[in-house]
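Quick notes on the structure that follows.
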Amino acid sequence: MGRQELRVAILAIEGTNCDEELRTAIADLGARPEIVYLKQFEQRDVEPGERRRLADYQMLLVPGGFSAGDYVRAGAILGARTRASLGPDLEEFVRSGKIVGGICNGFQVLVELGLLPGRPGGRLGPPGAVLMANDSGHFECRPTFVAWNGGNFPALRDAPLGTRFLFPSAHAEGKLVLGGGNDLRALESNGQILFRWVAPDGSPATYPWNPNGSPGDLAGITNPGGNVFGLMPHPERSFFHAQAPDWTRSDGPSGYGDGHRFLEAVLSYAERKL
């Protein structure tokens, strides 16, 4: 099996967006992405040829946006609907070691499902954290930088500690506050910190480089097994160099950005597991 056989499901319902940008990026990397609506997994109100099974995919990505209008709280409705319709299948997917990733609203969904920070065996359950409203009190949309923390995430295991990525942020509720027996020290010792917000020179972040006030500058985490990850900024929005905020002052729009480096690493790891 090669990269072209790597099937990636991008979960969507009403209100998700960035799914098309994510599909474009994954396809450019040579895999087989498909935007799959939740009702296709539920096999409800769709034609037989449009029905899908989660087990037929090697990776599940939950994109950004405002799923179900972010009513109740960000990601809560999609999380509840996913738990009700896909709970056992999703737990088996995680137990098998397949990759599940959430970006921005997708991160919020995975927290609502209890997959992040997570528990042994990939079990769903009550949230062990919450993504609260930004300290600034408003929607933050800006270029931001994150640094690889050297945690338990096999896709970046060979990257030097402190490797920086420019990923844009666009969220109103991104302040990660731990609860349910989870704390920052435990996540650090378990290697579950994927990314921390940093300033452009790599120094510790203050506002606006930490756009939400997350304690410990947490920008992304993984589950204990390292195969479920979530991050608030958007790698798919920095996939092509033309998406960079300063591309007009460089050599032109051709080429790739930091999102390409990150997503290529994720797909390379998934490909090795085929």
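Just so it is clear, none of the values below were taken in a lab; they were calculated from the coordinates. The shown structure was predicted, so the numbers you read here are calculated from the model rather than taken from an experiment. Counting neighbours? That spans all protein chains shown, and the Cβs are built from the backbone with ideal geometry, glycine included.
Note on the chain: with charges restricted to the Cβ of Lys and Arg (+1) and Asp and Glu (-1), its dipole about the Cα centre is near 600 debye.
The alpha-carbon of Lys39 sits under 27 angstrom from the alpha-carbons of these lysines, leaving out residues fewer than 8 places away in its chain: Lys98. Within the stretch 1-37, the GluC sites (Glu not before Pro) that combine a DSSP coil assignment with at most 14 other C-beta atoms in a 10 angstrom radius are Glu14.
Of the trypsin sites (Lys or Arg not before Pro) found in the stretch 1-62, the ones in coil according to DSSP and having at most 12 other Cβ atoms within 10 Å of their Cβ are Arg44, Arg53. The chymotrypsin sites (Phe, Trp or Tyr not before Pro) of the stretch 164-249 include none that meets both conditions, a loop assignment by DSSP and at most 16 other Cβ atoms within 10 Å of the site Cβ. Counting only DSSP beta bridges with both residues in the chain, the antiparallel share comes to about 60 percent.
Using a/c under 1.5 as the rounded threshold, could you call the chain rounded, prolate or oblate? The axes a ≥ b ≥ c are square roots of the C-alpha gyration tensor eigenvalues, and prolate needs a/b larger than b/c, oblate otherwise. Rounded, because the longest to shortest axis ratio a/c is under 1.5. Straight-line cross-link reach from Lys175 at under 20 Å between alpha-carbon atoms covers these aspartates and glutamates, not counting any fewer than eight positions away in the same chain: Asp70, Glu112, Asp135, Glu140, Asp183, Glu188, Asp217.
Farthest towards the positive end of the charge dipole of the stretch 3-272, among the residues Pro168, Met232, Asn190, is the Cα of Asn190, using unit charges on the Cβ of Lys, Arg, Asp and Glu. Based on Cα contacts under 8 Å between residues 6+ apart, the chain shows a relative contact order of 18 percent.
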